[in-house]
Amino acid sequence: MRYQLPYARAGQVIGLLGGSFDPAHRGHAHITREALKRFGLDRVWWLVTPGNPLKENGPAPMEARLRRARKVMQHPRVTVTDIETYTGTRYTAETLMALQNLYPGVKFIWLMGADNLADFHRWERWEWIMQNVPIGVIARPGDRVAARMSPAAERFGHAKIVGRSARALSQATAPAWSLINVPMLDVSSSQIRARGEW
């Protein structure tokens, strides 16, 4: 199984951006480049998920989503992977545990949009995630209120790193999280599907 997994060496800091990427688009690529820069990451892995447990309808076939993601995200420090297919995990907490076992000495940072932070308390074992993996939150300007007022932000308010110090996240010990403003591109996966471009 190991040869199918992305390479990482002990001491590296790797951001993880999970999602169905149904389909991947230039907005995903944009926030990935910003996360690399602003959070001081060595690399980012896109975790293209077999399916989102919170969504009723299944995504397009994995091979099609991977192919599109690799076309959209071409960067020497970004790897597009379907690692959850190999780990057999479905929930983020399970995936993070599997990655920590597979890559001893590698530091992982979970990346998410501000909308995910607003609903984070609904995720399976969300408190374990906060306590074990630093989290980088990427927000549209003006899209921070729900995230800031969320149960997760309130419960872990003591662990917040202010946006201007976001690079410190790469060296922080969990629990630690930072929310940055990133000008967003006006594109979404649901819009692309609705227009029949996918």
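What's the total number of residues in the stretch 112-138 that are out of contact with any strand residue (DSSP E or B) (no Cβ under 9 Å at 6 or more places or on another chain) and of a type in the set (Val, Ile, Thr)?
The total comes to 0.
Could you grab me the full set of residues in the stretch 101-118 that are without any contact (Cβ under 8 Å) to a residue 40 or more places away in the chain and open to solvent by 70 Å² or more (accessible area, probe 1.4 Å)?
Matches in the stretch 101-118: 101, 115.
Hey, can you tell me all the residues within the stretch 67-99 that are open to solvent by 70 Å² or more (accessible area, probe 1.4 Å) and not acidic (Asp, Glu)? Working first, answer last.
From the stretch 67-99, those open to solvent by 70 Å² or more (accessible area, probe 1.4 Å) are 67, 70-71, 74, 76-77, 85-86, 90-91, 94; that's our starting set.
If the condition is that a residue be open to solvent by 70 Å² or more (accessible area, probe 1.4 Å) and not acidic (Asp, Glu), then 67, 70, 71, 74, 76, 77, 85, 86, 90, 91 are the ones that fit.
Going by the structure shown, is residue 27 over 17 Å from residue 97 (Cα atoms), touching a residue at least 12 places away in the same chain (Cβ under 8 Å) and assigned to a loop (DSSP other than H, G, I, E, B)? Step through it out loud before you land on a result.
Working: over 17 Å from residue 97 (Cα atoms): yes; touching a residue at least 12 places away in the same chain (Cβ under 8 Å): yes; assigned to a loop (DSSP other than H, G, I, E, B): no.
No, not satisfied.
The values are calculated or read from the model by the stated rules, or taken from the named source; none is laboratory data. Keep in mind that what you see is a predicted model, and the values were worked out from it rather than measured. Please note: Cβ atoms are built from the backbone with ideal geometry, for glycine as well, and neighbour counts cover all protein chains shown. We work out accessible area using only protein heavy atoms, side chains counted, and drop any ligands, DNA or RNA first. Shrake-Rupley method; radii C 1.70, N 1.55, O 1.52, S 1.80 Å.
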